[in-house]
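For reference, the structure discussed in these notes is given below.
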Amino acid sequence: MHVIQGKGLHFKDLNAQIRAALADGQKEITLKDVNGQYYIGDGLREKATINIEGVPGNDMAAFMDGPTLVINGNAQDNIANTMNSGKIIIHGNAGDVLGYGMRGGKLHILGDVGYRVGIHMKGLNKQIPCIIAGGNAGDFFGEYLAGGVLILLGLDAKEGESIVGDYIATGMHGGRIFIRGEIEQKYCGKEVGIFETDEDDMKTLKRYLTEYCADFKLDLDEVLSKKFSKLVPVSSRPYGQLYAY
Amino acid sequence: MNHNYQKDISGCGLTGLINKKKTRVSGDAIARSLCLMNERGNGLGAGYAAYGIYPEFADFYAFHIMYDDPSVRFGAEDFLKHNFHVEKTEEIPTSPVAAIPISPLLVRYFVSPNKDKLSSIEGEEDFVVNTVMKINSEMDGVYVFSSGKNMGAFKGVGNPAEIAEFYRIEEYEGYIWTAHTRFPTNTPGWWGGAHPFTLLDWSIVHNGEISSYGINKRYLEMFGYKLMLLTDTEVVTYILDLLVRKHGLDIQTACTTLAAPFWKDIDELDEDRRELLTALRMTYGSALLNGPFSLLFGHSNGLVGINDRIKLRPLVAATKDDFVYMASEESAIREICPSPDKVWAPRAGDPVIVNLEAD
């Protein structure tokens, strides 16, 4: 295992060291004492695992296409922008605007997430991005969602507590959202409907959550013990008439 | 002085801390926190505000004044001497910094209003506010950038480390600190446009853009405020002064006015609350801040952090013993407080209000 000491390092130097280690053929890298360095993992294509100790800075894993990032605490904003493949495991909370335009790969977060999670995520054929958060989420969850799968669990929520904010799935026109528990239509965008999960959905959920629970050593049966609400677009082309005359 | 610096893309970073028991800490900590977010600014403005730094002059208003040119100093000083008892005058201590080859002349004055100048209807604080407005609007090249008691703002064009070194920030000790690194977008990056923006003991640092600036400005002008600093954040300072000091709103209600709930959410509330919020929105519609913002404001009794209503700018808060921290990024807090007791992201429009404990 290759260790990079991140303390006090500017992001340019830290990322240069990561790239050098990968070019060297390292498959397992640990970054120690990271605090706030931007752009970690951006554009990387190697099949390697990067463990991060500390709080990585904004814009982590943008355009990432292959590696696995494991963050042993909280992470900040703008993670996995336009990410194409690979995986991110966050053993803490994460911030706003996660998975912006994400087009593949997995983002697993144990704790809470902020606002605008999964904004304009997209997917096609086998290229299905997935974000799973174990805690609560802020407003605009799944805004403009075009594809992929968004799952919110609210595992530590108290009885009756809402685990997601307002304006859920506003402008959603593709993909699927699963929220553990009940949600109210008045907090959702007009473009989506709330449905019960069917057999196919449960198969999908079980597949995604088996991997998620393994990552965080959670009990899959307990996670699946509560009903999920499914959100999907009720019109596939909401703007189809916009420029028609 | 040339205020027409080049325009560039968006950013800004802010950080603040408070010790609820009034234990004073050196400015070194807040500078380190701010410097961690260097990437959020572009060197066209940084600044610090601190409370509790002038205990030996705690009863005097501390005026920090920038003069574009030494020649304009004398007119302003004549005016001050005519209206105030000036306990002490000194140049604000600075260190030479290679990246800051030119700066305005920076002088501070510890003053108290001459009693015979106060009119019967006007209190001391109104007199100070009027003085600041008069100097900033009528005296060319003279700007009062700090005017509170036992507090002060230190700001200019430079990056966080340069401005901290320039003003020797580590030599001050305060129990509330706020700091800001700027990435000017719509308005010039000049010395008076750096944050914090202050008036009396209010100090504001802000990330975002006040789209309602025009409406807010015209509203404030009706109450005699003069907006001369070419930057949207200035309105927040004066709105707080108007709502809290002049109109007697509490901080929570003032925050509800700045980031008012949407009508659809007001409609859902019980009748008392609905009536109150409806009245507030109707009375203070022109004080509503529109557009993306996260901001921190300090005052003599505490520190407050607040976001816009749909959280278009980041804000993280943390506690550790008697300290509360708020910043644009969690890492900026952890840089000076590696293991906080609690870390959370405040919800949109929901203020974090921290008060000093009573003596």
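Worth pointing out:
- A:Gly25 vs. criteria facing chain B (nearest Cβ under 10 Å) and out of contact with any Lys or Arg (no Cβ under 8 Å at 6 or more places or on another chain): no
- Those strands (runs of 3 or more DSSP E) of segment B:1-114 in which at least 3 residues are touching a Pro at 6+ places or on another chain (Cβ under 9 Å) and at negative phi, considering only elements entirely within it, cover B:46-51, B:61-67.
- Boolean, B:Ser331 is modelled with pLDDT of 95 or more, within 14 Å of another protein chain (Cβ to nearest Cβ) and either assigned to a loop (DSSP other than H, G, I, E, B) or touching a His at 6+ places or on another chain (Cβ under 9 Å) (or both): no
- Scanning segment A:170-209 for residues that are over 26 Å from A:Ile89 (Cβ atoms) and acidic (Asp, Glu), we see that the one that is surrounded by the most Cβ atoms within 10 Å (Cβ to Cβ) is A:Glu191.
- For the residues A:Leu124, A:Leu110, A:Leu155, the requirement of being more than 14 Å from every other protein chain (Cβ to nearest Cβ) and without any contact (Cβ under 8 Å) to a residue 24 or more places away in the chain singles out A:Leu124.
- Reported count of residues in segment A:85-96, each being assigned to a loop (DSSP other than H, G, I, E, B) and either in contact (Cβ under 8 Å) with a residue 24 or more places away in the chain or buried (at least 24 other Cβ atoms within 10 Å of the Cβ) (or both), is 5.
- Selection within segment B:297-324 - touching a Lys or Arg at 6+ places or on another chain (Cβ under 9 Å), within 14 Å of B:Tyr175 (Cα to Cα) and buried (at least 21 other Cβ atoms within 10 Å of the Cβ): B:Phe323, B:Val324
- All conditions but one from (1) farther than 23 Å from A:His108 by Cα; (2) assigned to a loop (DSSP other than H, G, I, E, B); (3) basic (Lys, Arg) apply to A:Arg45; the one that does not is (1).
- Residues within segment B:339-358 that are assigned to a loop (DSSP other than H, G, I, E, B), exposed (fewer than 13 other Cβ atoms within 10 Å of the Cβ) and away from chain A (no Cβ under 11 Å), tallied: 3
- Sole exception among (1) in contact with a Lys or Arg (Cβ under 9 Å, 6 or more places away or on another chain); (2) under 21 Å from B:Phe297 (Cα atoms) for B:Arg108, by number: (2)
- Taking the criterion of being part of a helix (DSSP H, G or I), closer than 20 Å to B:Ile310 by Cα and acidic (Asp, Glu), the only residue of segment B:263-287 that qualifies is B:Asp265.
- Looking across B:Glu91, B:Glu87, B:Glu122, B:Glu138, one residue alone is modelled with pLDDT of 95 or more, out of contact with any strand residue (DSSP E or B) (no Cβ under 7 Å at 6 or more places or on another chain) and not small (Gly, Ala, Ser). It is B:Glu138.
- Residue tally, condition assigned to a loop (DSSP other than H, G, I, E, B) and of a type in the set (A, V, I, L, M, F, W, C), over segment A:48-62: 4
- Within segment A:120-136, the set of residues being under 13 Å from A:Ile179 (Cβ atoms) and in a loop (DSSP other than H, G, I, E, B) comprises A:Gly134, A:Gly135, A:Asn136.
- All conditions in (1) assigned to a strand (DSSP E or B); (2) within 12 Å of another protein chain (Cβ to nearest Cβ) hold for A:Leu31, with the sole exception of (2).
- Only one of B:Gly291, B:Gly285 that is surrounded by fewer than 19 Cβ atoms within 10 Å (Cβ to Cβ) and at pLDDT below 95: B:Gly291
- Here B:His82 meets the list (1) of a type outside the set (Lys, Arg); (2) modelled with pLDDT of 95 or more; (3) within 15 Å of B:Tyr61 (Cβ to Cβ) almost entirely, failing just condition (3).
- Any hit, segment B:243-258, residues being surrounded by fewer than 18 Cβ atoms within 10 Å (Cβ to Cβ), assigned to a loop (DSSP other than H, G, I, E, B) and among the β-branched types (Val, Ile, Thr): no
- Residue, surrounded by the most Cβ atoms within 10 Å (Cβ to Cβ), within segment A:63-78, restricted to residues that are within 14 Å of chain B (Cβ to nearest Cβ) and in a loop (DSSP other than H, G, I, E, B): A:Ala75
- Positions within segment B:279-328 being within 17 Å of the chain's Cα centre (by Cα), within 14 Å of chain A (Cβ to nearest Cβ) and either among the β-branched types (Val, Ile, Thr) or within 15 Å of B:Leu356 (Cα to Cα) (or both), in sequence order: B:Tyr325
The values are calculated or read from the model by the stated rules, or taken from the named source; none is laboratory data. Owing to the predicted nature of the structure, the values given are computational and were not obtained by experimental measurement. Don't worry about glycine lacking a Cβ; one is built from the backbone with ideal geometry, like all the others, and counts go over all protein chains shown.
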